[in-house]
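What follows is a single structure, and I will ask about it in a moment.
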Amino acid sequence: MYQTGSETLRGSLTEAYRSAIGVSRKALVTPALILDLDLARRNIRFMAECLGALPARLRPHIKGQKSPELARLQVEAGAIGVCTATVWEAIVMSRAGIEDVLIANEVGGAQKIAALAEAARRGHLTVAVDDERNAGELSAAARAAGSQLDVLIEVDVGMGRGGVRSPEEAVALARRVSALPALRLRGVQGYEGHCMLEPDRAVRLQRVGEAMDCLGTVVGRLAEAGYECEVVSAGGTGTYDITGANPLVTEIQAGSYVFMDNFHGNLAPGFSRALTVLSTVVIRHGNTVVLDAGRKSIGIDHVLPTMAPYPFYQARGYAEEHALYDVDERCTLALGDTVELIPGYAPTTINLYDVYHVVEGDVVVDIWPIIPRGPGHGGILAE
């Protein structure tokens, strides 16, 4: 049996951080995760406007943001639903009122499959598959729960992770899924994540084109076999405007655009840096500044964080609890001062925190819990 419990958790986290409401963003206890609500809303509007001129719709990936409040803002701005990385994220989003949730991964493990099937009794859930055995397990669990799961066949479009490796495999899997009770085949997913890391836009365009050609071949072969794809899901923040312009694609899975960290900011211009980590200068020796936000406080994947007012300084290094910067006369930071850091990578920053300190202007106006991490943290698995 499964229960929610997320509202209790939400209340306890909000209460624990309630004293921060009304406090200046510069005066928070550090390290503190700050979400600038005005900038986040601006990013949401900008993405909606960009995709409004393209054929694809937006299904934002919430694996990084982990926030029902942000998901609701995106749906209110026109998103068709959300996608998640895990079962637990999907359950929390569904119970938070998001009506259309895609788990953009394969789901394995009896407990997770059972939780997914049970949750599908109360909300519309779709899951990716690339294996007939996994499809059979999903079908059996959904039948036992008295629910139905929608399915997208994942296609490997060059990333080398999940997905069928050929059109023939896709057709065979479509045939199997269509024959299984409690499953409904909706289409395909092809995530071109290997193209996201390409800094040269011309090369990225070429690689995305090749990936979508691969996906299109599978869609065509499925149609020939009698399986029309209602949904063709792909794309991310780094390729949203490329993949989203492809008439084959029906929905884009971009999510990090809401925050726009240093990594994604180099790939997708036009968005604002809405997420920061407030840190305190704990050591100042000459031109060496040491902050209290290390790798346990901020994501350093792909690109290093930068100080918001001093983006031209490159960190010397990140220890577990400290960030070290070599500065010059331009830096006026003194011992005890606070400074906001722009994460190198937002998704691996957010999971380090309990809550967002939501600010408007310079003042904290709300506390938003970061809840869907796992069965225990989300209050999903029954005691």
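A short reminder: the numbers here are calculations on the coordinates, not readings from a lab. These numbers come from a predicted model, not from an experiment. Here the Cβ is made from the backbone with ideal geometry for all residues, glycine too, and neighbour counts use every protein chain on show.
How about segment 250-316: which chymotrypsin sites (Phe, Trp or Tyr not before Pro) there lie in a loop by DSSP and see at most 14 other Cβ atoms within 10 Å?
Listed in order of number, the matching sites are Phe312.
Given springs between every Cα pair under 10 Å in a Gaussian network model of the chain, which of Gly193, Gly294, Gly22 has the largest fluctuation?
The residue that fluctuates most here is Gly22.
Please report the spacing between the Cα centers of segment 77-152 and segment 167-227 in Å, no decimals.
Rounded to whole Å, the Cα centres lie 19 Å apart.
Answer rounded, prolate or oblate for segment 37-258, using the Cα gyration tensor with square roots of eigenvalues a ≥ b ≥ c: rounded when a/c is under 1.5, else prolate when a/b is larger than b/c, else oblate.
Since a/c reaches 1.5 but b/c is at least a/b, the shape of segment 37-258 is classed as oblate.
With a ≥ b ≥ c taken as the square roots of the eigenvalues of the C-alpha gyration tensor of segment 1-157, please select rounded if a/c is under 1.5 and otherwise prolate if a/b is larger than b/c or oblate if it is not?
It is oblate, given that a/c is not under 1.5 and a/b is not larger than b/c.
Further question: What lysines does Lys63 reach when the alpha-carbon gap must be under 19 Å and sequence neighbours fewer than 8 apart in one chain are set aside?
Lys112, Lys296
Can I ask one more? Tell me the angle of helix 132-145 to the major Cα principal axis of the chain, expressed in degrees between 0 and 90 and rounded to the nearest ten.
Helix 132-145 and the main axis of the chain meet at about 90 degrees.
Stretch Ser12-Asp131 to full length: gain in nm at 0.36 nm per residue minus the Cα-Cα span?
Residue separation times 0.36 nm, minus the Cα-Cα distance, leaves 38.8 nm.
What residue among Ala174, Gly146, Cys214 has its Cα farthest toward the positive end of the dipole of segment 97-234, where the charges are +1 on Lys, Arg and -1 on Asp, Glu, each on the Cβ?
The listed residue farthest towards the positive side: Gly146.
Just subtract the alpha-carbon distance of Leu324 and Ala245 from 0.36 nm times their residue separation and send over the number in nm, one decimal.
24.2 nm
Could you give the size of the charge dipole of the chain about its Cα centre, using +1 on the Cβ of each K and R and -1 on the Cβ of each D and E, expressed in debye and rounded to the nearest 20?
400 debye
Of the candidates Gly81, Gly255, Gly109, which one comes out as most mobile in a Gaussian network treatment of the chain with C-alpha springs shorter than 10 Å?
Per the Cα network of the chain with a 10 Å cutoff, Gly109 tops the list.
Compute the semi-axes of the equivalent ellipsoid of the chain, taking the square root of 5 times each eigenvalue of the Cα gyration tensor, and list them largest first in whole Å.
Over the Cα atoms of the chain, the semi-axes work out to 39, 25, 17 Å.
Rounded, prolate or oblate, given the Cα gyration tensor of segment 154-213, with a/c below 1.5 counting as rounded?
prolate
Okay, next question. Report the label-to-label distance for Thr332 and Gln314 in nanometres (one decimal), using points 7 Å from each Cα along the Cα→Cβ vector.
Taking the simple label geometry, Thr332 and Gln314 are separated by 2.7 nm.
Please work out the FRET efficiency for the pair Arg143 and Arg284, using the Cβ-Cβ distance as r and a Förster radius of 56 Å; give the result to the nearest 0.05.
Once rounded, the FRET efficiency stands at 0.30.
How far is helix 37-52 tilted off the main Cα axis of the chain, in degrees rounded to 10, range 0 to 90?
Relative to the chain, helix 37-52 is tipped by roughly 40 degrees.
How long is the gain from Arg175 to Lys26 if the chain were fully straight, where each residue apart is worth 0.36 nm and the alpha carbon distance is subtracted?
47.8 nm
Here is a follow-up. Compute the angle between helix 201-224 and the longest alpha-carbon principal axis of the chain, please, reported from 0 to 90 degrees and rounded to the nearest 10.
Its long axis makes an angle of about 20 degrees.
Let me have the 222 nm mean residue ellipticity of the chain computed from DSSP H runs of 4+ only, each contributing -39500 (n - 2.57), with the sum over all residues rounded to the nearest 500.
After summing the helix terms and dividing by the residues of the chain, the value is -9500 deg cm²/dmol.
Suppose every Lys and Arg Cβ carries +1 and every Asp and Glu Cβ carries -1, with no other charges. What dipole size does segment 37-258 come out with about its Cα centre, to the nearest 20 debye?
My answer is approximately 560 debye.
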